[in-house]
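*Asks:* Following this message is one structure expressed as structure tokens.
The values are calculated or read from the model by the stated rules, or taken from the named source; none is laboratory data. Remember, it's a predicted structure, so these values are computed and weren't measured experimentally. A quick note on method: Cβ atoms are made from the backbone with ideal geometry, for glycine too, and the neighbour counts reach across all protein chains shown.
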Amino acid sequence: MSAARTITTAVSALIGALSLGSAAAAQDAAPPSLDVTLKPHTTDQAVDYVHVQLKVQAPVAKPGEAFLKLPMVFASVETARYRATDIKVTDQAGPVALIQKDDPVDPSNFMYFRRWEVTRPTVGDVTVSYRAPARAYRPKLGSGPPFDLRPEAGGLNGAGVSFLALPDKSTPYSIHLKWDLAAMPSGSHGAWSLGEGEVRTVGPVDLLAHSYYMAGPISSYPSPGGGPFGIYWLGEPPFDAQAVAVWTQKAHTAIAGFFGEPDKPYRVFFRKNPYPGAGGAGLVNSFMSGFSDTPAPTADSMRGHLAHEIVHNWTGSLSGPNGIVSWYGEGMAEYYDPVLTWRAGLITTDEFLADVNQRAQSYYGNAMNTAPASEIAAKFWSDTRVRKLPYDRGSFYLSTVDAEIRAKSGGQRKLDDLTFAMLDRQKRGLSYDTDAWLELVTAELGPKAKFEFDEMMAGELIVPPSNAFGPCFKRETVSYRNFELGFDSASLTSNPRQVQGLVAGSAAEKAGVRDGDEITTAVVLDAIQGDAKAELTIDLKRDGKPLAITYLPRGKTVEGYRWARVASVPDAACAI
Ligand SMILES: [Zn+2]
């Protein structure tokens, strides 16, 4: 689910800014109150809109200044886009008419705002109300982040950023969120990224915008909630959601405990897309995983995906250009997801080894595996092989560093010590970037640390030492067939989506794919890349007729590595 990971990175800067806002809020004696009531409305047992009411304490809004704001688009998802007349504003003197103004369109389609101004000064407290339509927004590229407000299984879910027009201020409020679920089935309840049911907190309005909402006949774990951790879903997912939830809570406990913050709140939401294509994203203290029936996720795939996301809470992206620094955030999440769940006994030694070898297959069987970091950002969206590099390469680099530190210190120190030092720097507001990492790793390993880092960034193939994954595994040489889509992968995200650059002699060509074929459904390649036996089925349209073509997307045979179990060492001595 790489789309999920991508968006997580994209919004991480916003979330970082938010925590600072909260800290500043603590020093403010009495921030103004902002009461938010969400009242879903149903027609034929499906939510068709949510009545949103805000009570803003004495905002002193004036003509010529923005009073409310809502993005027109956020990370490519179109929002509710209210017109000025859709929003009712009243104060002590009666109704207040609004006018709307749009910021310049963001050509990258990431984010730009619509803002509303009052047409006369407001007097005293102000009530704002509007209807947020609940409807699934279908992403143009097949996959997208799960931000749109939509109905599902008698309830609703979405991110505030897609439907909450909020005061256009960055200063903190005393926020009070309430649900009015009178129109929902009995037993319904509401959950927000920051808590279940009625929630009071202090912070900027971005807490309301950059967070998830779910209400209706929700299933949840643990139930009853109230603790720092919760998982929520509506309807019947195609995987065993209860089992995934039980495992994920244990993983959260293990990972949060490792990073020294066992009580840090975290909530996970599942929802099913009414179209093929998945996409998840992290927002404040939370993650929403959007899945589809085609292909349906398995409990195993959900587990690894969620553990990766949980690790991100403590191994945020370094400051620096996208692509250049992504080896750290994604490499750390990929490194610690299996290591910490294995140490906690949540995956078996065999499952840990399978994870290492899936990464080895993905990395060594990747024809782009020597692309330098400087090329990652430009090709991130159009070439899944490049998109996977920060994950695979970053993780193998960190495994190499770990093995070298353990060897040099006689087992006294390991990667964990550097990870904690980086986290400490981030918490103390010190520089949290490539230079900070190089300083720490050079202190452990000497000047060769910088040399090895530069090699990784330049695209030199990384081969972790034989014992990099502990005494129970040893490195072997193996042949891989390179992952090869067989045509230009930019075809998958171009508009129109048409096969271009078909490779003569490729498996795709032999199976019957032709230049100019229209690609009609989402094509998800990341998992296939790490599985040598996985066939790819691609839905096409040619001369107006649909056709599905299946082939093994593999090309040239190359030499690579995998790890094998050392039978003489018992399981109990394995963990690193
Ligand atoms: Zn990630």
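*Asks:* Specify the residue that is farthest from the ligand (Cβ to nearest atom); the eligible residues are those in the range 355-370 that are modelled with pLDDT of 95 or more and out of contact with any Asp or Glu (no Cβ under 9 Å at 6 or more places or on another chain).
*Replies:* Looking at the filtered set, the residue picked out is Asn357.
*Asks:* Go through (1) in the same structural domain as Glu452 (by TED's automatic domain parsing); (2) within 11 Å of the ligand (Cβ to nearest atom); (3) in a loop (DSSP other than H, G, I, E, B); (4) of a type outside the set (Asp, Glu) and name the single condition Ser317 misses.
*Replies:* It is condition (1) that Ser317 fails.
*Asks:* Also, quick follow-up: Evaluate the range 168-176: report whether one residue or more is in contact (Cβ under 8 Å) with a residue 60 or more places away in the chain and touching a Lys or Arg at 6+ places or on another chain (Cβ under 6 Å).
*Replies:* Yes, the conditions are met somewhere in the range 168-176.
*Asks:* Consider only pairs whose beta carbons are under 6 Å apart and that are at least six residues apart or on different chains; among these, list those whose first residue lies in the range 287-299 and is in the same structural domain as Ala243 (by TED's automatic domain parsing) and whose second residue is modelled with pLDDT of 90 or more and aliphatic (A, V, I, L, M).
*Replies:* Going by the 6 Å Cβ cut-off, the qualifying pairs are Phe287/Val268; Ala299/Ala243; Ala299/Val244.
*Asks:* Give just the number: which of (1) part of a helix (DSSP H, G or I); (2) at pLDDT below 95; (3) surrounded by fewer than 21 Cβ atoms within 10 Å (Cβ to Cβ) does Ile7 not satisfy?
*Replies:* (3)
*Asks:* Turning to a different aspect of this structure: One residue is enough: does the range 414-435 have a residue meeting the conditions assigned to a helix (DSSP H, G or I), surrounded by 23 or more Cβ atoms within 10 Å (Cβ to Cβ) and within 15 Å of the ligand (Cβ to nearest atom)?
*Replies:* Looking through the range 414-435, none of the residues is assigned to a helix (DSSP H, G or I), surrounded by 23 or more Cβ atoms within 10 Å (Cβ to Cβ) and within 15 Å of the ligand (Cβ to nearest atom).
*Asks:* Any residue that is assigned to a helix (DSSP H, G or I) and crowded, with 19+ Cβ neighbours inside 10 Å - is there at least one of those in the range 513-521?
*Replies:* no
*Asks:* Follow-up. Tally time: how many residues in the range 477-519 are touching a Phe, Trp or Tyr at 6+ places or on another chain (Cβ under 7 Å) and in contact (Cβ under 8 Å) with a residue 60 or more places away in the chain?
*Replies:* Residues that pass the stated criteria total 4.
*Asks:* Inspect all residues belonging to the range 15-31 and state whether any of them is in contact with a Ser or Thr (Cβ under 7 Å, 6 or more places away or on another chain) and modelled with pLDDT of 95 or more.
*Replies:* yes
*Asks:* For Thr341, state whether it is assigned to a loop (DSSP other than H, G, I, E, B) and either assigned by TED's automatic domain parsing to the domain that holds Phe287 or β-branched (Val, Ile, Thr) (or both).
*Replies:* It is false that Thr341 is assigned to a loop (DSSP other than H, G, I, E, B) and either assigned by TED's automatic domain parsing to the domain that holds Phe287 or β-branched (Val, Ile, Thr) (or both).
*Asks:* State yes or no: is Gly323 away from the ligand (no atom under 11 Å from the Cβ), in contact (Cβ under 8 Å) with a residue 24 or more places away in the chain and part of a helix (DSSP H, G or I)?
*Replies:* no
*Asks:* Please enumerate the residues belonging to the range 378-404 that are at pLDDT 85 or above, among the basic types (Lys, Arg) and more than 16 Å from the ligand (Cβ to nearest atom).
*Replies:* Arg385 - this is the single residue of the range 378-404 that is at pLDDT 85 or above, among the basic types (Lys, Arg) and more than 16 Å from the ligand (Cβ to nearest atom).
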